[in-house]
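Working notes, structure below.
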Amino acid sequence: MSERQIFSKILRLDKYIYNELLNLNGSLQKGIAIYIAVATLTTLSTFRFFNGMIEFLESNLIIFKGEMSDEEFQMFRSLIDELSIIFAQQDSTTSVLISSIVSTSMTTIVGLLICFLLLKFLFRKDVKPVDLIIISFFSSVPGLLVFPVLFIQDPLVQALIVLLTSIYALIAFGSGIKQVYLLRNIEVILVVIALTFGGSIIGSA
């Protein structure tokens, strides 16, 4: 099965694709490559979005001036200037990109660990950690659709694309674990919530 066929089936939420992937030679390596590509694109798109938002605010400061006191406006303007400097410095820094990818990966790993515990001990499923990782990494394929954000100027459109692709990836993950572990809808929802918020909660603790 070619990469194009795999991507097409994942994006169409094919009912059998993840069971096929678990039996595909080299699926873990392909999954890791996809995850790294998605994490890189998502990180670049996030920087692009925040840069675009800062540029928008800088260009429309006069709109906010009428809604604030002089002191509040000066504080707001100083904040925008500081953020602009920070993102200008980080925009071309490879170490920042790598750091962000590592941080995202660690959060994902923690979230998957919580998913594993739920599936294993709460839902009594026979779960292999490698299989769960493969499902998670391949379900991130919708994140590749965030690519246009790198070329779009409108911050609102950028935010919408990032949001929709993130939701799409979660739906793909839910579809994967449902077909592999034969879960009920409420069980799928709980596992998706665990993946989404579990790593973030522990990471911020």
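The values are calculated or read from the model by the stated rules, or taken from the named source; none is laboratory data. All values derive from a computational prediction rather than experimental measurement. Cβ sites come from the backbone with ideal geometry, for glycine too, and all protein chains shown count toward neighbours.
Looking only at residues of segment 1-22 that are of a type in the set (K, R) and under 20 Å from the mean Cα position of the chain (by Cα), we find that the one that is surrounded by the fewest Cβ atoms within 10 Å (Cβ to Cβ) is R12. The numbered conditions (1) loosely packed, with under 12 Cβ neighbours inside 10 Å; (2) assigned to a helix (DSSP H, G or I) are all true for N25 except (2). Given the structure, is F76 within 27 Å of the chain's Cα centre (by Cα) and either surrounded by fewer than 16 Cβ atoms within 10 Å (Cβ to Cβ) or farther than 30 Å from I177 by Cβ (or both)? When the stated conditions are applied, F76 does not pass them. Return yes or no: is I186 at pLDDT 95 or above, surrounded by fewer than 17 Cβ atoms within 10 Å (Cβ to Cβ), under 23 Å from R4 (Cα atoms) and out of contact with any Asp or Glu (no Cβ under 8 Å at 6 or more places or on another chain)? When the stated conditions are applied, I186 does not pass them. If we scan segment 38-59, do we find a residue that is within 16 Å of S140 (Cα to Cα), within 19 Å of the chain's Cα centre (by Cα) and aromatic (F, W, Y)? Within segment 38-59, none of the residues are within 16 Å of S140 (Cα to Cα), within 19 Å of the chain's Cα centre (by Cα) and aromatic (F, W, Y). Filtering segment 47-89 to residues that are out of contact with any helix residue (DSSP H, G or I) (no Cβ under 7 Å at 6 or more places or on another chain) and among the β-branched types (V, I, T) leaves I62, I63, I85, I86.
Among the numbered conditions (1) farther than 30 Å from S105 by Cβ; (2) in contact (Cβ under 8 Å) with a residue 40 or more places away in the chain; (3) buried (at least 16 other Cβ atoms within 10 Å of the Cβ), the only one that F56 does not meet is (3). Close contacts from segment 22-35, counting a first residue that is within 16 Å of S8 (Cβ to Cβ) and a second that is at pLDDT 95 or above and part of a helix (DSSP H, G or I), with Cβ to Cβ under 7 Å and a gap of 6+ residues or different chains, come to I34/F137; I34/F138; I34/V141. If you go through segment 36-71 and pick out every residue that is farther than 16 Å from Q153 by Cα and modelled with pLDDT under 80, you end up with 10. The residue pairs whose first member lies in segment 87-114 and is within 17 Å of S140 (Cβ to Cβ), whose second member is of a type in the set (A, V, I, L, M) and modelled with pLDDT of 75 or more, and whose beta carbons are closer than 6 Å, counting only pairs six or more residues apart or on different chains, are I101/A39; T104/A39; G111/L195; L112/L132. Among the residues of segment 123-144, those that are buried (at least 21 other Cβ atoms within 10 Å of the Cβ) and hydrophobic (A, V, I, L, M, F, W, C) comprise L132, I134, I135, F137, F138, V141.
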